[in-house]
Amino acid sequence: MMHYKRYHSWSKKGGDVLVVCVDEETNPLGLVCGNSAYNHKRTKPKLCYLLFLSLISFSFILALYSFSSEGGGLGPKTDVNGCSSISNGSICCERSSIRSDVCVMKGEVRTDSVSSTITLYRNNDVTPNLDENDEVLWHEKIRPYTRKWEKSVMDTIDELDLVVKGEHSGVHQKCDVEHDVPAVFFSTGGYTGNLYHEFNDGLIPLYITSQKFNKKVVFVILEYHNWWITKYENILSHFTEYPIIDFTGDKRTHCFPEAIVGLRIHDELTVNSSLMGNNKSIRDFRDLLDRAYWPRIRGLIQDEEREASMNMEKLVSSPSSETKMVMMEEKHDLKKPKVVIIARNDSRAIMNEDSFVKMIEDIGFSVEVLRPQRTTELARIYQVLNSSDVMIGVHGAAMTHFLFMRPGSVFIQIIPLGTDWAAGTYYGEPAVKLGLKYIGYKILAKESSLYDDYDKNDSVLTDPNSVNDRGWEFTKKIYLDRQNIRLNLGRFRKRLLHAYYHSVANESARIHRLSQ
């Protein structure tokens, strides 16, 4: 499931920007960058006294800012991420993003899955302003999932308590497992089970958050699913070289030198290199997919070659004019640019698919119709798309597979009524950032099955935006669940010709490079 939200219409000025931190070296009294949990009543000062305090405060802020620019203090940081560099014994939370909260704890970090708590013990603790019996110095709550603005789904995500305690306050939890590398805590709840959300809300943010550790990091998962681990084990093995921990299922106390709770997310299905400390981009993520899937793909190719060899031996052993024709056609097809159609199994199906395939073949493409199932191995889908020149599909979660295409290839997205903004935002723009040639085919009302269900002047056909403005439930019910497509083949042919000439030119350029 995807919720169609117009992120770009939200003003960042309207949201709260708050980074809270507790730093033992620069903030021994437990002061915070934000609203303190410990407030004291003050009497109303006279005007002169107020002006004097303002002057003192301003001078103090300038001093803090100057200090922070040299690597310490509480003022604004120049790092890519606000909490990317904190001192030992500190906790820092980034809460300015509309997409996700991220907290960093550095020092003696211990887990307690029974109480859903992560505790940081501060060394050399000095807390003269706190009651000596109050052992909790700081307390944060966080739901480590990347759809912060969607209250309905966030309410389903397990919440963690992050607490800071003094070194001598209370009895420390005993470490059952001691790790010498950082941990990243995140949830695979929410919309997990939908390919788009698994990549957009999970895998890509996990890459963004963890890649700086160069696999020297432990993943701790809330709402852990064995099937998710199995499905993405090829990719996850390139994120971490350590076993993944089921936070709820593993009752042991795990101790870490650092913990990142929550995942950073940049935009739809992309990596913003300007926000990465090492300038990594979505192309680097795709290169990682290549490395992750290649060992398995190599095995699949060897299996196919063995099967093809056996079939060829059978054909050669009984030659006929028909056999020779088949062999000539197969050899000829190898030279044709390849189109893969990602076919849908439910709504938004192409009703004239057979005629559509024939037209594509008549233009000069070889065609493969791919119907991904929940049980389809991703390596097989990757193999098919990675070797193709053009991918065609109707808007929906399966369009996430454009990530499996080689940069320079063509992605044609068929855009049903009522899905213009979502099609461009979720898939079109990210595809361009990956380096694909993106072509959006916006259908006409007559190409939609809704044309037979509604009056020709109904706003469902004439003004889809007004229907979308009524809420997600209307968009889903009308445009996603009840709409199929009958393509105008003559109109679509123009896009195919464009894709064909682009693919042929790409292949010619590739052959030229190899010959030099």
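The values are calculated or read from the model by the stated rules, or taken from the named source; none is laboratory data. As the structure is a computational prediction, the values presented were derived from the model and not from experiment. With ideal geometry, Cβ positions are generated from the backbone for all residues, glycine too; neighbour counts draw on all protein chains shown. For accessibility, only protein heavy atoms count, side chains too; no ligands or nucleic acids. Shrake-Rupley method; radii C 1.70, N 1.55, O 1.52, S 1.80 Å.
Filtered by the rule that a residue be among the small types (Gly, Ala, Ser), modelled with pLDDT of 95 or more and not in a helix (DSSP H, G or I), region 270-291 gives a lone residue, Ser281. Tell me yes or no: at least one residue of region 252-259 is touching a helix residue (DSSP H, G or I) at 6+ places or on another chain (Cβ under 7 Å) and of a type in the set (A, V, I, L, M). Checking region 252-259: not a single residue is touching a helix residue (DSSP H, G or I) at 6+ places or on another chain (Cβ under 7 Å) and of a type in the set (A, V, I, L, M). State whether the residues of region 408-420 include one that is of a type outside the set (D, E, K, R), assigned to a helix (DSSP H, G or I) and open to solvent by less than 20 Å² (accessible area, probe 1.4 Å). There is no residue in region 408-420 that is of a type outside the set (D, E, K, R), assigned to a helix (DSSP H, G or I) and open to solvent by less than 20 Å² (accessible area, probe 1.4 Å).
Suppose we filter region 263-283 for residues that are of a type in the set (Lys, Arg) and over 14 Å from Thr146 (Cβ atoms); how many remain?
As a first pass, look at region 263-283 and keep what is of a type in the set (Lys, Arg): 264, 280, 283.
Filter once more, keeping what is over 14 Å from Thr146 (Cβ atoms): 280, 283.
Residues flagged as of a type in the set (Lys, Arg) and over 14 Å from Thr146 (Cβ atoms) within region 263-283 amount to 2.
Being within 27 Å of Ser97 (Cβ to Cβ), open to solvent by 10 Å² or more (accessible area, probe 1.4 Å), at pLDDT 95 or above and out of contact with any Ser or Thr (no Cβ under 7 Å at 6 or more places or on another chain) narrows it down to one residue among Ile265, Ile244; which is it? Quick ask: steps written out before the conclusion?
Numbers: Ile265 fails: out of contact with any Ser or Thr (no Cβ under 7 Å at 6 or more places or on another chain).
From the options Ile265, Ile244, the qualifying one is Ile244.
Scanning region 274-301 for residues that are among the small types (Gly, Ala, Ser) and either crowded, with 16+ Cβ neighbours inside 10 Å or under 27 Å from Ile157 (Cβ atoms) (or both) returns Ser281, Ala292. The set of residues in region 472-490 that are open to solvent by less than 60 Å² (accessible area, probe 1.4 Å), at pLDDT 95 or above and over 13 Å from Ile415 (Cβ atoms) comprises Thr475, Ile478, Asn484, Leu489, Gly490.
Please find, among Glu233, Glu258, the residue that is surrounded by 19 or more Cβ atoms within 10 Å (Cβ to Cβ) and out of contact with any Asp or Glu (no Cβ under 9 Å at 6 or more places or on another chain). Before the answer, list the steps.
Details: Glu233 fails: surrounded by 19 or more Cβ atoms within 10 Å (Cβ to Cβ).
Criteria check complete, one pass: Glu258.
Residues in region 180-197 include at least one that is open to solvent by 40 Å² or more (accessible area, probe 1.4 Å), within 17 Å of Glu108 (Cβ to Cβ) and touching a residue at least 24 places away in the same chain (Cβ under 8 Å). The conditions of being modelled with pLDDT of 95 or more and within 20 Å of Gly189 (Cα to Cα) are met by Ile260. Condition first: closer than 28 Å to Val153 by Cα, in contact (Cβ under 8 Å) with a residue 60 or more places away in the chain, in a helix (DSSP H, G or I) and among the polar types (S, T, N, Q). Now tell me which residues in region 457-516 satisfy that. Correct list: Asn468, Thr475. Scanning region 424-436 for residues that are in contact (Cβ under 8 Å) with a residue 12 or more places away in the chain and open to solvent by 70 Å² or more (accessible area, probe 1.4 Å) yields Glu429, Lys433.
One line per residue, one yes/no per condition, for (1) outside any helix (DSSP H, G or I); (2) modelled with pLDDT of 70 or more; (3) over 27 Å from Ala431 (Cα atoms):
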{"site": "Tyr293", "(1), (2), (3)": "no, yes, no"}
{"site": "Met312", "(1), (2), (3)": "no, no, yes"}
{"site": "Leu315", "(1), (2), (3)": "no, no, yes"}
{"site": "Thr323", "(1), (2), (3)": "no, no, yes"}
{"site": "Glu368", "(1), (2), (3)": "yes, yes, no"}
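In the set (1) in a helix (DSSP H, G or I); (2) open to solvent by less than 60 Å² (accessible area, probe 1.4 Å); (3) without any contact (Cβ under 8 Å) to a residue 24 or more places away in the chain, the condition left unmet by Trp228 is number (3).
Being buried (at least 21 other Cβ atoms within 10 Å of the Cβ), at pLDDT 95 or above, within 22 Å of Trp227 (Cβ to Cβ) and β-branched (Val, Ile, Thr) is a condition met by at least one residue of region 200-213. Residue count for region 364-378 satisfying the condition of being surrounded by fewer than 18 Cβ atoms within 10 Å (Cβ to Cβ) and out of contact with any strand residue (DSSP E or B) (no Cβ under 9 Å at 6 or more places or on another chain): 5.
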